[in-house]
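The structure appears below as structure tokens.
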Amino acid sequence: MRPSGSPRRVWVPATMRSMPDTTDADTDGLTVGQVSTRVGVTIRALHHWDEIGLARPSLRTAAGYRLYTAGDLERLHRVVVYREIGLGLDRIRVVLDDPTADVSGALRAQRIQVAERIDRLRQLGVGLDRMIDAHERGLLLTIEQQAAIFGPEWDPDWPAQARRRYGDTTQWLQYAERSAARDPAEWQSVADAVADLDRALGDAMDAGVTPGSPQAHRLVERHREVFASYFPLTRRMQVCLGRKYEADPAFAAHYDGVRPSLATWFRRIVDADARAHGIDPDTATWE
């Protein structure tokens with residue numbers, strides 16, 4: 001607790017806290033390098049402020065080198081203070097040189113901008129927290145939400161398994177970015193699109209749609225579009241995914257639950273589409 005009667009500590013710019021007494025005689029005739037060290041700005045900045053007339057040295061050596069007086073140093077400290085609180089150089093010039101300038105008004109306006117920046121940074125912090133969480137967890141949904149959205153077949157441990165297997169890949173990062181920006185309603189839309197595609201695939205197989213036909217090509221394209229909800233899917237990657245759907249027991253059980261042998265039929269239409277685009281499905285890799 002703060003002792004009764006003790007002064008409240010408030011923030012002031014670091015440069016203002018460390019401002020020396022510039023009335024000392026030894027501050028007359030300081031070089032650019034000495035001023036850079038005292039004020040805490042680069043020599044390049046000092047040269048720039050001199051060129052634009054914001055803070056010019058009053059003296060020059062016989063060789064033309066800049067020398068700063070105590071008054072010059074005082075002005076430089078004021079420039080640095082105002083810059084530290086966010087004023088632009090043009091506005092600083094007005095505050096320092098225009099006797100009619102409303103300094104309090106300029107500072108209040110800057111205070112509003114600072115508050116807006118703080119709010120944006122807080123929002124950025126929330127977004128970063130979600131991104132970190134999504135990268136580590138995959139889905140930012142409760143177990144109850146996952147069950148309601150993805151159905152009774154969904155295993156809430158699947159995202160963690162995927163993180164362990166694919167967490168160092170570009171695709172996992174892309175998936176996490178999409179997940180961080182998605183709320184439950186948006187995930188429901190993704191789940192609905194996947195379910196609609198599954199039904200369309202099953203209906204097409206029942207209707208005798210053959211691999212390589214225009215309708216089959218449209219379904220393969222639709223699969224890539226739906227899958228983009230997770231991460232962008234190239235045709236070569238889609239071939240690899242088609243193989244996985246057929247060979248992996250969990251994926252095969254899902255598709256064969258929609259229609260018997262659907263996993264194999266889907267792999268065949270994906271392979272045919274790849275050949276139509278000059279890709280050999282037998283040698284396709286995840287790229």
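The values are calculated or read from the model by the stated rules, or taken from the named source; none is laboratory data. Quantities reported herein were computed from a predicted structural model and do not represent experimental measurements. Positions of Cβ are backbone-derived with ideal geometry, glycine not excepted, and every protein chain shown enters the neighbour counts.
Results, tabulated for the structure shown:
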| read-out | value |
| --- | --- |
| Subset of the range 208-233 that is at pLDDT 95 or above and assigned to a loop (DSSP other than H, G, I, E, B) - its residue that is farthest from residue 276 (Cα to Cα) | 208 |
| Which numbered condition residue 261 fails, given (1) in contact with a Phe, Trp or Tyr (Cβ under 7 Å, 6 or more places away or on another chain); (2) small (Gly, Ala, Ser); (3) surrounded by fewer than 17 Cβ atoms within 10 Å (Cβ to Cβ) | (1) |
| Every residue from the range 119-139 that is over 17 Å from the mean Cα position of the chain (by Cα) and either at pLDDT 90 or above or assigned to a loop (DSSP other than H, G, I, E, B) (or both) | 139 |
| Breaking point among (1) closer than 20 Å to residue 245 by Cβ; (2) in contact with a His (Cβ under 9 Å, 6 or more places away or on another chain); (3) at pLDDT 90 or above, for residue 180 | (1) |
| Restricting the range 31-71 to residues that are exposed (fewer than 14 other Cβ atoms within 10 Å of the Cβ) and in contact with a strand residue (DSSP E or B) (Cβ under 7 Å, 6 or more places away or on another chain), the residue that is farthest from residue 89 (Cα to Cα) | 61 |
| Conditions (1) in contact with an Asp or Glu (Cβ under 8 Å, 6 or more places away or on another chain); (2) small (Gly, Ala, Ser); (3) assigned to a loop (DSSP other than H, G, I, E, B); (4) at negative phi: number failed by residue 252 | (3) |
| Residue match in the range 100-107 (condition: assigned to a helix (DSSP H, G or I) and either hydroxyl-bearing (Ser, Thr, Tyr) or more than 30 Å from residue 40 (Cα to Cα) (or both)) | yes |
| Yes/no for residue 148 being part of a helix (DSSP H, G or I) and either within 26 Å of residue 221 (Cα to Cα) or hydroxyl-bearing (Ser, Thr, Tyr) (or both) | no |
